[in-house]
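The values are calculated or read from the model by the stated rules, or taken from the named source; none is laboratory data. Small disclaimer: the values here were computed from a predicted structure and weren't measured. Don't worry about glycine lacking a Cβ; one is built from the backbone with ideal geometry, like all the others, and counts go over all protein chains shown.
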Amino acid sequence: MNIILEQLVQATTYEAQRNLIDSLIQAWSDTSTMATTATGAYAGHPLTITFEGIAPSTPEYQAWLDKLSIMERFNGRTFNVVPAGSDPVTVNGAGEGKVQQRQNRMPHPELFGLLNASEPAYRLAA
């Protein structure tokens with residue numbers, strides 16, 4: 001993260017700085033040890049994570065998992081409350097362009113509303 005911060009300080013244009021923000025946010029998130037939906041918060045539960053219109057095991061799916069983890073770490077909690085027990089859990093996210101349509105059906109719509117409003121800051125480089 002220090003390398004990215006140094007690059008940000010040395011960047012002389014807004015565009016150069018803007019191009020480093022995604023990496024900085026990801027690096028900051030990576031400093032957290034908080035278990036997220038995608039990184040073990042549901043240990044003991046068979047877990048299915050879906051994003052509307054996005055196939056699992058694709059780069060786009062991984063990018064959405066990363067966005068979800070960043071938002072969860074930023075907010076200090078998982079998107080959904082992790083239930084007690086060991087029953088199967090399905091977490092339904094929303095893919096690109098579908099965030100606004102789905103936010104009213106989500107347990108914490110304010111999180112995906114925030115994600116929709118600030119998505120460019122969380123977009124990951126391909």
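Quick check on the stretch 11-19. Is at least one of its residues acidic (Asp, Glu), more than 15 Å from Asn92 (Cα to Cα) and free of Cβ contacts under 8 Å to residues at least 40 places away in the same chain?
Scanning the stretch 11-19 turns up at least one residue that is acidic (Asp, Glu), more than 15 Å from Asn92 (Cα to Cα) and free of Cβ contacts under 8 Å to residues at least 40 places away in the same chain.
Considering only the stretch 44-56, I want to know if a residue exists there that is loosely packed, with under 13 Cβ neighbours inside 10 Å and at pLDDT below 90.
Within the stretch 44-56 (the criterion being loosely packed, with under 13 Cβ neighbours inside 10 Å and at pLDDT below 90), the answer is yes, since at least one residue qualifies.
Would you mind stating whether Ala63 is among the small types (Gly, Ala, Ser) and closer than 20 Å to Asn2 by Cα?
no
Are there any pairs, at least 6 apart or on different chains, whose C-beta atoms fall under 8 Å, with the first in the stretch 43-57 and in the same structural domain as Ser69 (by TED's automatic domain parsing) and part of a loop (DSSP other than H, G, I, E, B) and the second surrounded by 12 or more Cβ atoms within 10 Å (Cβ to Cβ) and among the small types (Gly, Ala, Ser), and if so, which?
Final answer for the pair search is Ala43/Ala35; Glu52/Gly93; Glu52/Ala94; Glu52/Gly95; Gly53/Gly95.
Consider the stretch 8-42. How many of its residues are over 15 Å from the mean Cα position of the chain (by Cα) and either over 29 Å from Val82 (Cβ atoms) or part of a helix (DSSP H, G or I) (or both)?
13
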